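The structure appears below as structure tokens.
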Amino acid sequence: MRRLRLVIPAALALAAALALPAGAPAPAEARVGGRPPPFVLPAAAGGPTSAPFRMGDHLGQRPVAILFWATWCQPCQQELPFYESLYQRYREQGLRVVAISMDSQATIMRAGPNARRLNVTFDVVTDVDTRVTTQLNPRRAAPFSIWVDRAGRIVREQEGFSPAEQNAVAQGIAELVGR
Amino acid sequence: MDLRRERRGAPRRRLAAPALLALVVLGASAARAQSDLSFELPGVGRTTFSLTSTTTLRYRGENYDANRFDDDFGSLYQRFDVALQADELRAEARIDLFVPHTVLVESRCVGRPLGVDDPSCYLDWDLRPERLTLRWEPSEWVVEAGDTQLVLGRGVALAFRKVDLLAVDNALRGGHVRYQGSNFRFGAHGGLANPQNIDPIDLRIVREPQDVVVGGNMAVVAPAPLGVTLGVHALRVGFEDVDSIDGVTRSRFTDRAVDVAGWSAEAAGLADGQLALYFEANGLRRTQRLVDQARSETGRGVYASAQLQLTELTILVEWKDYTNFLVAPETTEANARRIYSAAPPVEYDGPQRLRGIGNQRGGAIRMDYAFLPGPWSFSVNSALYAFNEEPHRDPFEGVLVSHSWMTLAKRQEYGGDLNWSLDLQGGARFETLLHDHDARFRSGDIDRWMIHGRLDITVGSGDHAFDFIVDHRHEREIRGDVAEFQIGGASVTYTFGIPFTLTLSLRWTDYQPGVVVSRGRREYNFLGGEFYPSLEVRWTFEPGTYLSLFAGQTPGGQLCSGGVCRDVPTFEGFQLTFVGRL
């Protein structure tokens, strides 16, 4: 145990050293990560769209912003209208936005109307058994956003949302669409 | 079997140090990854690797519970979620590591036996792979081996999903086949229940029961414009003959099993998408053996909803009839991890304690109005139903619940120099006796009442944003042990762009009088035993990778979700969390 007590602080210090970038934070800098699975999810009843969302139809063809949200999540209520404004700005250039509701069976019927109240027009789908959420958002953070570029690669993941991020997110989406 | 004894052992401990170092360094390296981690796998094709690492270093002070051996200890908790994704194949794994007593203080249990010999000294290190899944998704098929989430219907019959609030993450470990065609769907599942149940004190995963689950579902979908889906489902759960949380105490019952069969109908897009209907009916049979006597009983679970969606107005009506219906070892199961059904409660999804969740009848109506395209909206909600904690008696011989609440909201409108949003909620809830409880409490008397409110205002300008939240509830329990209590809190959060977030919070509760009194004796609780201040700072290095520090206190008490409750101890100390992604 004495040895472990020495190892853990050392490991954490090393972890912090590896994690910290050398310079100032670079929030808009893109990372290249994995690929999302070609999931299919049903539209939320009473939501802005009625057809299922098929990720396979968009992978490798156009940029997609995947938003994990829930009716009980207050920051999500601020994130969805902002992405709606970006969707209106860039939809002609191919941007797709899909909001995946993490609501359980207790609140799932409220997901569609909630999105309508937020004046959202992009796809709003449900994932009651959380199977897609488990794959793409294993920490089950809400809100949680994933950007997928035209090549089908995940280039950005972000937990949380605040209106203070709007400039950085808008700049990032512009780069994603133009990429 | 003595599992705690089995976990101890010098060889595993000798391996812990290098393994831990390697794991943490690997996790940290995720934050700096800039390259594409794709590669060609023979026979599989282009494959990409992804990793989410969560490292938590924590110091926990006084819990204010009866056990002094789980106070004042430091711990390291490490979780990796890793995945390999190809076109049709995906492999996933979660690795959890917990190391207590190692960072800041020596264990108080040194020289004392662990586990069953002395249950108060239960903290021990733990390393285990979890959530192992191999998934093959050719076209409309999904074939899985390992852990998967699974909900049948609206969860009335079966719900294997994460319950975030209670830190229970249910999965079914076994074999799974699903077909998701346009007009036909089916699924077949079999395996062991694998509820990843996190202990709120030591973050260790509580030992899972070996409950066997076998089930399936099938549905046909009528093509548009009708769009009606008709489905059937059936399952059997065989419960392990243990009752206690550590698997040591055996149940007085044996051969416990629950069989459920049901059907559902859904029409989500009637009247040009303006009307959505859902109906589900389930029958349940519970069998068990007490000594040599076999017992059997039945129950039912019915849920229906109708939602009218006009341009600005939404009306949702829900109805439930759950009679002696709970997919669990007992009709009045107390362990959240072993309740495998999650029937919609139709009530406000708040902190109130729901009782008799398997024996309820009633409904709710919700009306939302949005002043579109403007930012304002409001909703009016009302639920009225009865429950009975005695599962074999009619709900309307028990307690009547009436709960009404309203919400006024303004969404963010982006584009200007200053933008703001508001969410204001308030309501009242009453429980009224429908039977003569005793000479003092008669039918028609109020059993419990609660008033609650919440205000959330967010103001943003450029790279700066402030979020103010205040919530409070006042509850009175006429018959119970705690006569009257108040729970609430206030917080302010400042955010600068993506990188920086600072939250100051003050929670208050007098729900647990014994805890309040003992907390009041502490010198550093200068605000008093009922108040819990805290501070949280988060720094985001790049999107998805951040470091956060929480320092302060949070109240314990009862957390409830969908009628399933869990007691959580008071926390005081600090927690450093690092999240990295690759």
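Between B:ASP567 and B:VAL470, what FRET efficiency comes out of the Förster formula 1/(1 + (r/R0)^6) with R0 = 22 Å and r the beta carbon distance, rounded to 0.05?
With R0 = 22 Å, the Cβ-Cβ based efficiency is 0.30.
Can you give the percent of C-alpha pairs in the range B:481-582 whose distance is more than 15 Å?
Numbers: 3535 of 5151 pairs.
Of all Cα-Cα pairs in the range B:481-582, 69 percent lie more than 15 Å apart.
Counting every Cα pair in the range B:377-460, what percent are over 14 Å apart?
Details: 2466 of 3486 pairs.
Beyond 14 Å sits 71 percent of the P(r) for the range B:377-460.
Once you average over the residues of A:109-122, how many Cβ atoms of partner chains fall within 10 Å of each Cβ?
Mean inter-chain Cβ contacts per residue within 10 Å come to 6.
Counting only protein heavy atoms and rolling a 1.4 Å probe, how much accessible area do B and A lose on contact, total for both sides, in Å² to 100?
In total, chains B and A hide about 7900 Å² from solvent.
In percent, what relative contact order does the range A:29-178 have, based on Cα pairs under 8 Å that are 6 or more apart in sequence?
34 percent
At q = 0.13, 0.19, 0.23, 0.25 Å⁻¹, what is the log10 ratio I(q)/I(0) for the range A:117-168, with the Debye formula run over Cα points and no solvent?
One equal scatterer on each Cα of the range A:117-168 leads to -0.42, -0.91, -1.21, -1.27.
Kindly state, as a whole number, the per residue volume in cubic angstrom of the convex hull around the alpha carbon atoms of the range A:29-178. Each step should come with its number before you reach the end.
Working: hull volume 14.6 nm³, N = 150.
Hull volume over Cα atoms, normalised by residue count, gives 98 Å³.
At a Förster radius of 41 Å, what calculated FRET efficiency corresponds to the Cβ-Cβ distance of B:GLU413 and B:ILE451, to the nearest 0.05?
0.80
With a 1.4 Å probe and every protein chain left in place, tell me how much accessible area B:GLU477 has, in Å² to the nearest 10.
Its accessible surface works out to 30 Å², give or take rounding.
Which whole number gives the average, over all residues in B:131-139, of C-beta atoms from other chains lying within 10 Å of the residue C-beta?
2
Under 8 Å for C-alpha pairs, at least 6 residues apart: give me the relative contact order for the range B:481-582, rounded to a whole percent.
Reported as a whole number, the value is 21 percent.
Distance in nm between label sites at B:ALA188 and B:THR298, each 7 Å beyond Cα in the beta-carbon direction?
2.8 nm
Over all directions, how big on average is the projection of the convex hull of the alpha-carbon atoms in the range B:139-344, in square nanometres?
One quarter of the hull surface, i.e. the mean projection, equals 13.4 nm².
Quick one: dipole size for the range B:367-471, taken about the Cα centre, charges +1 on Lys/Arg Cβ and -1 on Asp/Glu Cβ, in debye to the nearest 20.
Result for the range B:367-471 is approximately 240 debye, rounded to the nearest 20.
Inside 10 Å of the C-beta atoms of A:35-46, what's the mean count of C-beta atoms belonging to other chains?
6
Set Lys and Arg Cβ to +1 and Asp and Glu Cβ to -1, take the dipole of the range A:29-178 about its Cα centre, and tell me which of A:PRO63, A:SER162, A:ALA174 lies farthest positive.
Ranked along the dipole, the leading option is A:PRO63.
For the peptides B:288-298, B:516-526, B:461-471, what is the packing order when you average, over each peptide's residues, the other Cβ atoms within 10 Å and list the highest mean first?
B:461-471, B:516-526, B:288-298
Please identify every one of the trypsin sites (Lys or Arg not before Pro) in the range B:426-474 that sits in a loop by DSSP and has no more than 16 other beta carbons within 10 Å of its own beta carbon.
On the way: sites: B:ARG429, B:ARG440, B:ARG442, B:ARG448, B:ARG454, B:ARG473; in loops: B:ARG440, B:ARG442.
Passing sites in the range B:426-474 are B:ARG440, B:ARG442.
The values are calculated or read from the model by the stated rules, or taken from the named source; none is laboratory data. Worth saying up front: this structure is predicted, and the values here are computed from it rather than measured. Here the Cβ is made from the backbone with ideal geometry for all residues, glycine too, and neighbour counts use every protein chain on show. Just the protein is used for accessible areas: all its heavy atoms, side chains included, with ligands, DNA and RNA removed. Shrake-Rupley method; radii C 1.70, N 1.55, O 1.52, S 1.80 Å.
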